[in-house]
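Quick one: structure below, then a few questions.
The values are calculated or read from the model by the stated rules, or taken from the named source; none is laboratory data. Every value quoted in this text rests on a predicted model; they were computed, and no experiment measured them. Note that each Cβ is placed from the backbone with ideal geometry, even for glycine, and that neighbours are counted across all protein chains shown.
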Amino acid sequence: MANLGSAWTETIPSDASIVGHEPPHLRSVWTSIALGLGTNLFWPESGGGSQASLGDLRLGGSRAFYDVASQSSSADTTRQLARAFLASDTSRLFVYESDRTLLAGTPYLIEHGTAAGRGVWVETRGQTLVSSAGTPSLATISFGLVYDATPTTVFTTFSQRSFTHFVSALTAGGFVSEFSFTGPGAQSDVTIAWTSAGTIAGAV
Amino acid sequence: MTWVENKPQANDPLREIADLLRSQKSEISVGVGKHFFWTESSGASAGEPRLSLGSNGPGSARAFYGAQSALSAQPSGKLFVTSDTSRLYGLTSSATTMLLGSAQAIISGGTSEATLPNNTRWHVESGRTGPLTIGTTLYNQNFTTPYAAAAPLVHAQAGSNNPSVTTDVLMVSVLSANSSGFSYQLARIGVNANNSAFVYWRSTGTVAL
């Protein structure tokens, strides 16, 4: 990291400076510019880069805002759009959209134990009210999206007591729940809370 | 034109100075302008990072990139993408690293439940309660952090308090849920050997960002 220090002086040349002193001064200016910009940009000569890469970003050539989360503000939409904010107290990374702040990263994320190939791991969930007339009853529920393959897991929870239930069929787009009422009391329609997880190629 | 640092020399003709200055200014404009507003912008915005569209992009930001073992202290706010584990880290000057993202992170699909509301984030709580008496008792479980206006989705699973009994079917049903908690009951099919059970539960919903 460059520390220009006294090499960058803005008081010379002055009106009283001697013309003959300017050549070495100008050369030092070029060197200072190359050193300074070369910290985060590829820059030729003293910057350590090449003419072909002049101006390209070096690795690590970005830095998010860094402060406590309460200082995060995307109010200035013109200048803040797409900027990043790293919260020093909650360890969360925010990015600013034109009309909102988005959570882009957090140490509390849940990481799947296996890779998703070129896709991403996606979890969908919902609550579906289904008819419960027979024993057993069948309910076909759609995930609302189609996974790349049969999802790895489906969980179901029923809203009424005394139902035995299991997943009787599973596809990339949904599942069939088979359930039976065991009593006591009257059988009625039931809400199934469900969660599925699988992979989807590309962004969601 | 190229960037030069060995000009002007003491004996160079004065008439070369103007051409040199124009050339160097042009090089600065070309180089800085790849990722920062410069000549085409107002003075107020010169030097600000460009958005993807106008940058030598995509984007005027570039994280460190290397093996996870290379994580180290950097000026706070720098980002690091690991080449071997596909994770994104935030760096600090104290060498404390923050895991921020992962290629294996589980994301929430946007087509079930509501699309994530403005300025909110997903929040999960889970727990194990019990042993609780099986019967018609209505149990209540409060969340540590209340959810946003909408009730979260709750899953619950019964767990045996008497593993030696294998003839009973234990069931738990979530009868209602709101932003602060949920209510549930335990039931059993079997020979009545189990009179109590544990409940394992997990709630998923949104809270304020």
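Restricting the search to the range B:165-190, which residues are in a loop (DSSP other than H, G, I, E, B) and closer than 15 Å to A:Ser162 by Cα?
Hits for the range B:165-190 are B:Asp168, B:Gly190.
Restricting to the range A:100-133, what's the tally of residues that are more than 14 Å from the chain's Cα centre (by Cα), surrounded by 17 or more Cβ atoms within 10 Å (Cβ to Cβ) and closer than 30 Å to B:Asp84 by Cα?
5
For residues that are touching a strand residue (DSSP E or B) at 6+ places or on another chain (Cβ under 8 Å) and assigned to a loop (DSSP other than H, G, I, E, B), scanning just the range B:58-74, find the one that is modelled with the lowest pLDDT.
Here the residue is B:Ser60.
Scan the range B:75-91 residue by residue and report those that are part of a loop (DSSP other than H, G, I, E, B) and either closer than 17 Å to A:Val95 by Cα or more than 7 Å from every other protein chain (Cβ to nearest Cβ) (or both).
Those that are part of a loop (DSSP other than H, G, I, E, B) and either closer than 17 Å to A:Val95 by Cα or more than 7 Å from every other protein chain (Cβ to nearest Cβ) (or both): B:Ser76, B:Gly77, B:Lys78, B:Ser83, B:Asp84, B:Thr85, B:Ser86, B:Leu91.
Taking only the range A:45-78 into account, find how many residues are more than 7 Å from chain B (Cβ to nearest Cβ) and not in a loop (DSSP other than H, G, I, E, B).
Residues in the range A:45-78 being more than 7 Å from chain B (Cβ to nearest Cβ) and not in a loop (DSSP other than H, G, I, E, B): 7 in total.
A further question follows. Evaluate the range A:148-156: report whether one residue or more is hydrophobic (A, V, I, L, M, F, W, C) and over 33 Å from the mean Cα position of the chain (by Cα). Let's see the steps before the verdict.
Looking only at the range A:148-156, we keep the residues that are hydrophobic (A, V, I, L, M, F, W, C), and these are A:149, A:154-155.
When the remaining residues are screened for being over 33 Å from the mean Cα position of the chain (by Cα), the result is none.
No.
Could you look through the range B:10-40, keep only residues that are assigned to a loop (DSSP other than H, G, I, E, B) and exposed (fewer than 15 other Cβ atoms within 10 Å of the Cβ), and pick out the one that is modelled with the lowest pLDDT?
B:Glu40
Further question on the same structure: Scan B:Thr136, B:Thr167, B:Thr144 and give me the residue that is surrounded by fewer than 17 Cβ atoms within 10 Å (Cβ to Cβ) and under 24 Å from A:Ser188 (Cβ atoms). Walk me through how you get there before you give the answer.
Details: B:Thr167 fails: under 24 Å from A:Ser188 (Cβ atoms); B:Thr144 fails: under 24 Å from A:Ser188 (Cβ atoms).
Within the list B:Thr136, B:Thr167, B:Thr144, the selection yields B:Thr136.
Criterion first (more than 11 Å from chain B (Cβ to nearest Cβ) and surrounded by fewer than 19 Cβ atoms within 10 Å (Cβ to Cβ)) does A:Val29 satisfy it?
Numbers: more than 11 Å from chain B (Cβ to nearest Cβ): no; surrounded by fewer than 19 Cβ atoms within 10 Å (Cβ to Cβ): yes.
No, not satisfied.
What is the one condition in (1) buried (at least 16 other Cβ atoms within 10 Å of the Cβ); (2) among the hydrophobic types (A, V, I, L, M, F, W, C); (3) under 24 Å from B:Ser176 (Cβ atoms) that A:Phe143 does not satisfy?
Going through the list (1) buried (at least 16 other Cβ atoms within 10 Å of the Cβ); (2) among the hydrophobic types (A, V, I, L, M, F, W, C); (3) under 24 Å from B:Ser176 (Cβ atoms), A:Phe143 breaks only (3).
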